[in-house]
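Okay, so here's the structure we're looking at.
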Amino acid sequence: MTIKLLNDSLKIEIFFEKNDKEYEDNICVCVEEFGPEDEKILYAGETNIYINVEQARELARMLTIAADQSNHASR
C-alpha cells in the first residue's frame with residue numbers, strides 16, 4: 001500500500017516483508033523522498049523502518065483517532 005504526500009514529493013509504502021517472516025518486526029514502512037536536494041526534509045532519499053504487529057496496529061489506531069478528531073473539528 002502506497003500513499004504520496006507533500007505534492008507527491010514524499011512516498012510512504014507499507015508492506016509485509018515476506019523474506020523476513022521469521023522476524024517479529026517484519027512490517028516495513030518505507031519512506032522515499034523526491035525532488036531538489038535543497039527542498040528535502042529527510043537526509044536519506046529512502047528510509048526503511050521495520051515494526052512489529054503490535055506497533056503497526058497502534059500506529060493505525062493513532063492515525064484513525066487523529067483523523068476522527070480532525071473530521072469532528074471541521075464540522
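Among the residues of the range 26-52, write down those that are at pLDDT 95 or above, more than 13 Å from the chain's Cα centre (by Cα) and within 16 Å of Ile3 (Cα to Cα).
Hits for the range 26-52: nothing passes.
Among the residues in the range 18-25, are any at pLDDT 95 or above and either open to solvent by less than 70 Å² (accessible area, probe 1.4 Å) or touching a strand residue (DSSP E or B) at 6+ places or on another chain (Cβ under 7 Å) (or both)?
yes
Within the range 1-27, which residues are under 13 Å from Val53 (Cβ atoms) and part of a strand (DSSP E or B)?
Ile14, Phe16, Ile27
Which pairs turn up if I take residues in the range 50-73 that are open to solvent by 70 Å² or more (accessible area, probe 1.4 Å) and look for partners that are polar (S, T, N, Q) with beta carbon separation below 9 Å, at least 6 apart in sequence or on another chain?
Final answer for the pair search is Tyr50/Asn26.
Looking at the range 35-75 only, could you name the residues that are outside any helix (DSSP H, G or I) and either more than 27 Å from Asp20 (Cα to Cα) or of a type in the set (D, E, K, R) (or both)?
Residues satisfying the conditions are Gly35, Pro36, Lys40, Ile41, Glu46, Ser74, Arg75.
Can you confirm whether Asn48 is out of contact with any strand residue (DSSP E or B) (no Cβ under 6 Å at 6 or more places or on another chain) and of a type outside the set (Phe, Trp, Tyr)?
Judged against the criteria, Asn48 is not a match.
The values are calculated or read from the model by the stated rules, or taken from the named source; none is laboratory data. Please read these numbers as outputs of a predicted model, since none were measured by experiment. Here the Cβ is made from the backbone with ideal geometry for all residues, glycine too, and neighbour counts use every protein chain on show. The accessibility values were calculated without ligands, DNA or RNA, using every heavy atom of the protein model including side chains. Shrake-Rupley method; radii C 1.70, N 1.55, O 1.52, S 1.80 Å.
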